[in-house]
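**Student:** Okay, here's the structure, questions in a sec.
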Amino acid sequence: MPGMSKNPYQQDVPFEPWQPDAAPLDAVQGPPRTSKLAIASVVCSLIFCCPIVLQVIGIFLGIVAFLTIGASRGRRKGKGIAAAGIILGLLITIGWCLVIWFGWLVMRGMYETGGQFIQAAMSGDVAGARQVLSPNVRANVTDEQIIAFGQELNGEYGDYYSCGIDLTDQARQRAGLAMFGQQPGTQVVLTPAMVQFSQGTGYAVLEMEPDQSGGLAMTISGVVFYTDDGNEIRFPPTGSN
């Protein structure tokens, strides 16, 4: 304005327009920090005490860490750690699934073999019953003992329906066993079983041992039923071996 003097302390600063490639206001300050999510992903993937669950969490954390690191514009690092957590989680999960699948196949084979023997004995099919017995038991029991075992089961329980895992835990409790046990110094696996009959449910322990032909096949070396009145129906009979 006229009559006003220029400020002697004012300096002329040239105007510089904003450049699109200029550093953003939240530019990196200091070195990037390792993502804690990436570290947690690896830790969860490597913990075996809670199979599959923690590995899935590790995979999820690894994916989240990988995405957040990419969006941090250099403030976070650890993509390699996140990738390792994802890969480890996948591999360990696959490994656990294979272990569970293998165990399920073995257990299914045990109960199918036990059911085959019980059904054959109860129907008087001595040849079919002998087919699934272990070599030692097969050589030492008589046809009459197999038939007698089947008749005793028929009298106690009626017709055979199925044989499977004991979901009630009655067989283990009546036999005083852990869920699965092993006879000391032998390959015999003690397997609690719940057997369905036309007149009720029978609780038994299947004494199984690996088939000498190899593979996952199992053979019967003994069966013990624990009746509701506290008695036992045992095959082979005590003293027959």
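The values are calculated or read from the model by the stated rules, or taken from the named source; none is laboratory data. Given the structure is predicted, the values throughout are model-derived calculations rather than measurements. We place every Cβ from the backbone using ideal geometry, glycine too, and count neighbours over all the protein chains shown.
**Student:** For segment 27-48: of the residues being closer than 15 Å to residue 88 by Cα and not aliphatic (A, V, I, L, M), which is surrounded by the fewest Cβ atoms within 10 Å (Cβ to Cβ)?
**Tutor:** By that ranking, first place goes to 48.
**Student:** Quick one: would you say residue 112 is touching a residue at least 12 places away in the same chain (Cβ under 8 Å) and more than 17 Å from residue 237 (Cα to Cα)?
**Tutor:** On the way: touching a residue at least 12 places away in the same chain (Cβ under 8 Å): yes; more than 17 Å from residue 237 (Cα to Cα): yes.
For residue 112, the condition - touching a residue at least 12 places away in the same chain (Cβ under 8 Å) and more than 17 Å from residue 237 (Cα to Cα) - is met.
**Student:** Another question about this same structure. Can you find a residue that is more than 35 Å from the chain's Cα centre (by Cα), assigned by TED's automatic domain parsing to the domain that holds residue 201, surrounded by 12 or more Cβ atoms within 10 Å (Cβ to Cβ) and outside any helix (DSSP H, G or I) anywhere in segment 69-90?
**Tutor:** Looking for residues that are more than 35 Å from the chain's Cα centre (by Cα), assigned by TED's automatic domain parsing to the domain that holds residue 201, surrounded by 12 or more Cβ atoms within 10 Å (Cβ to Cβ) and outside any helix (DSSP H, G or I), one finds none in segment 69-90, hence no.
**Student:** While we're here: Which one of the conditions (1) assigned by TED's automatic domain parsing to the domain that holds residue 39; (2) surrounded by 13 or more Cβ atoms within 10 Å (Cβ to Cβ) does residue 113 fail to meet, given that it meets all the rest?
**Tutor:** Of (1) assigned by TED's automatic domain parsing to the domain that holds residue 39; (2) surrounded by 13 or more Cβ atoms within 10 Å (Cβ to Cβ), only one is false for residue 113: (1).
**Student:** What number of residues in segment 49-62 are at pLDDT 90 or above, farther than 11 Å from residue 92 by Cβ and under 17 Å from the mean Cα position of the chain (by Cα)?
**Tutor:** First pass over segment 49-62, keeping only residues at pLDDT 90 or above: 55-62.
Applying the additional criterion that residues be farther than 11 Å from residue 92 by Cβ yields 57, 60-62.
Still in the running and under 17 Å from the mean Cα position of the chain (by Cα): 57.
Matching residues across segment 49-62 total 1.
**Student:** Please identify the pairs in which a residue from segment 78-102 that is at positive phi has its Cβ atom under 8 Å from the Cβ atom of a residue that is hydrophobic (A, V, I, L, M, F, W, C) and crowded, with 19+ Cβ neighbours inside 10 Å, counting only partners at least 6 apart or on another chain.
**Tutor:** From segment 78-102, the pairs are 78/38; 78/65; 78/69.
**Student:** Right, residue 153: at pLDDT 95 or above and of a type outside the set (Lys, Arg) or not?
**Tutor:** yes
For (1) surrounded by 13 or more Cβ atoms within 10 Å (Cβ to Cβ); (2) modelled with pLDDT of 80 or more, each residue gets a yes or a no:
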position	(1), (2)
168	no, yes
171	yes, yes
176	no, yes
180	yes, no
183	yes, no
186	no, no
192	yes, yes
203	yes, yes
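**Student:** If you don't mind, there's one more thing I want to ask. So which of 65, 82, 71 ends up being of a type in the set (A, V, I, L, M), modelled with pLDDT under 90 and more than 30 Å from residue 219 (Cβ to Cβ)?
**Tutor:** Working: 65 fails: modelled with pLDDT under 90; 82 fails: modelled with pLDDT under 90.
One residue alone meets the criteria, 71.
**Student:** Here is a follow-up. Could you please tell me which pairs satisfy a Cβ distance under 6 Å, a separation of 6+ or placement on different chains, a first residue in segment 154-170 that is in contact (Cβ under 8 Å) with a residue 12 or more places away in the chain, and a second residue that is among the hydroxyl-bearing types (Ser, Thr, Tyr)?
**Tutor:** Close Cβ pairs (under 6 Å, with a partner that is among the hydroxyl-bearing types (Ser, Thr, Tyr)) amount to 158/198; 159/198; 163/111; 164/111; 170/203.
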